[in-house]
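The values are calculated or read from the model by the stated rules, or taken from the named source; none is laboratory data. Everything quoted here is computed from the prediction, not taken from an experiment. Cβ coordinates were reconstructed from backbone atoms using ideal geometry, including for glycine residues, and neighbour counts include every protein chain displayed. Ligands, DNA and RNA are stripped out before the accessible areas are found, and what is left, the full protein with its side chains, is counted by its heavy atoms. Shrake-Rupley method; radii C 1.70, N 1.55, O 1.52, S 1.80 Å.
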Amino acid sequence: MLLLKVENLNVYYGAIHALKGISLEVNEGEIVTLIGANGAGKSTTLKTISGLLRPQSGTITYQGQNINGLPAQAIVKMGISQVPEGRRIFPNLTVRENLELGAYLRRDREGINKSMQEVFRRFPRLKERQKQMAGTLSGGEQQMLAIGRALMSRPKLMLLDEPSMGLAPILVQEIFNIIREINEQGTTILLVEQNANMALSVAHRGYVLETGRITLAGRAADLANSEAVKKAYLGG
Ligand code: ATP
């Protein structure tokens, strides 16, 4: 079933035409990846879906409803949660406080506590460090915290912006295993990555973005085997 449909999206930063008519679809239960080089427009796409940027034209339909132009918190409330690039945790708050902020639109205390326990079960490191200032966590732990914080809003659709950035290979593997598990437990995922290899290994389908346009789309396995993708993104 179709969960998210983006049609002909145009986004500008002043005179810069960052997204030039992007269209993509995400079905319920999928991991869909958006891959592309620096500056292709990947983050811009996610920020537009989550309501942080306004498109100049185009439509974004989520669960059959047009969410274009809705405030970001209304979009979070509808079940879309973004894990921003560079983590963006609150360094001067504790791990626990960061997680609580992820649930700021929820009022069900009991449910929030349950979600917190689920996050701690998934990330035992965060449980051990719940009173530690988030800014003193390692890069990998901060990424886990950013994912945990997004989970605290109980999203149907999680938007992940370059979760592998700046992480050692072993941690990248761990983060991708976690992404797969979160998906297997029912969360749909739109994953932006420069690490095309890893992204295509975990995703069901993918889109290739080049300077604001989708140039290729297909099943992840087919993209991983395509000559064009191999040449441009997988090192030949
Ligand atoms: P990266 O992988 O490097 O994060 P990206 O694919 O996510 O790249 P975007 O961050 O979406 O790319 O940027 C797309 C284009 O829009 C780039 O040319 C970038 O310079 C431009 N851009 C992004 N943010 C702004 C801004 N706030 N003001 C002006 N131009 C911007």
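Odds and ends about this structure:
- Between region 48-100 and region 163-236, the Cα center-to-center distance that results, in Å: 21
- Karplus-derived 3J(HN,Hα) values for region 175-183, using 6.51 cos²θ - 1.76 cosθ + 1.60 with θ = phi - 60°, are 4, 5, 4, 5, 4, 5, 5, 4, 5 Hz; glycine and proline are entered as x.
- Relative to the longest principal axis of the Cα atoms of the chain, the long axis of helix 139-151 lies at roughly 90 degrees.
- Zone residues, region 12-56, relative to Leu2, backbone N less than 14 Å from point 7 Å out along Cα-to-Cβ: 23-28
- Computed label-point distance, nm, for sites Glu128 and Asn177 using a 7 Å Cα→Cβ extension: 1.5
- Three-way shape label, region 170-232, alpha-carbon gyration tensor, a/c 1.5: prolate
- Region 113-236 - convex hull of the alpha-carbon atoms, volume per residue in Å³: 119
- Helix 109-122 vs. the chain, principal-axis angle (Cα, 0 to 90°, nearest 10): 70
- Extended-chain gain in nm, criterion 0.36 nm per residue less alpha-carbon gap, Gln63 and Asp108: 13.9 nm
- Accessible heavy-atom area order of Thr48, Thr61, highest first, probe of 1.4 Å: Thr61, Thr48
- Normalised contact order of region 3-42, rounded percent, pairs of Cα under 8 Å and 6 or more residues apart: 36
- At 0.692 mPa s and 37 °C, Stokes diffusion of region 109-181 via Kirkwood alpha-carbon radius, µm² per second: 256
- Extending 7 Å from the Cα toward the beta-carbon at both Ala168 and Asn27 defines two label points whose distance is 3.9 nm.
- Put simply, the C-alpha atoms of the chain give a gyration tensor, and the ellipsoid matching it has half-axes of 28, 21, 16 Å, longest first.
- A Förster radius of 45 Å, combined with the Cβ-Cβ distance separating Gln185 from Gln56, puts the computed FRET efficiency at roughly 0.75.
- Rolling a 1.4 Å probe over the protein heavy atoms gives region 150-195 an accessible area of 39 Å² per residue.
- Note on Phe90 and Tyr12: the extension gain reaches 25.2 nm, defined as 0.36 nm multiplied by sequence separation minus the Cα-Cα distance.
- Cβ charges +1 (Lys, Arg) and -1 (Asp, Glu), total dipole of region 57-198, debye: 520
- Taking 0.36 nm per residue of separation and subtracting the Cα-Cα distance, full extension of the segment from Glu97 to Ala37 would add 18.2 nm.
- Anisotropy class of region 1-91 from Cα gyration tensor, a/c 1.5 cut: rounded
- If you bin all the Cα-Cα distances of region 57-111 at 10 Å, starting from zero, the percentages per bin are 18, 42, 30, 10, 0.
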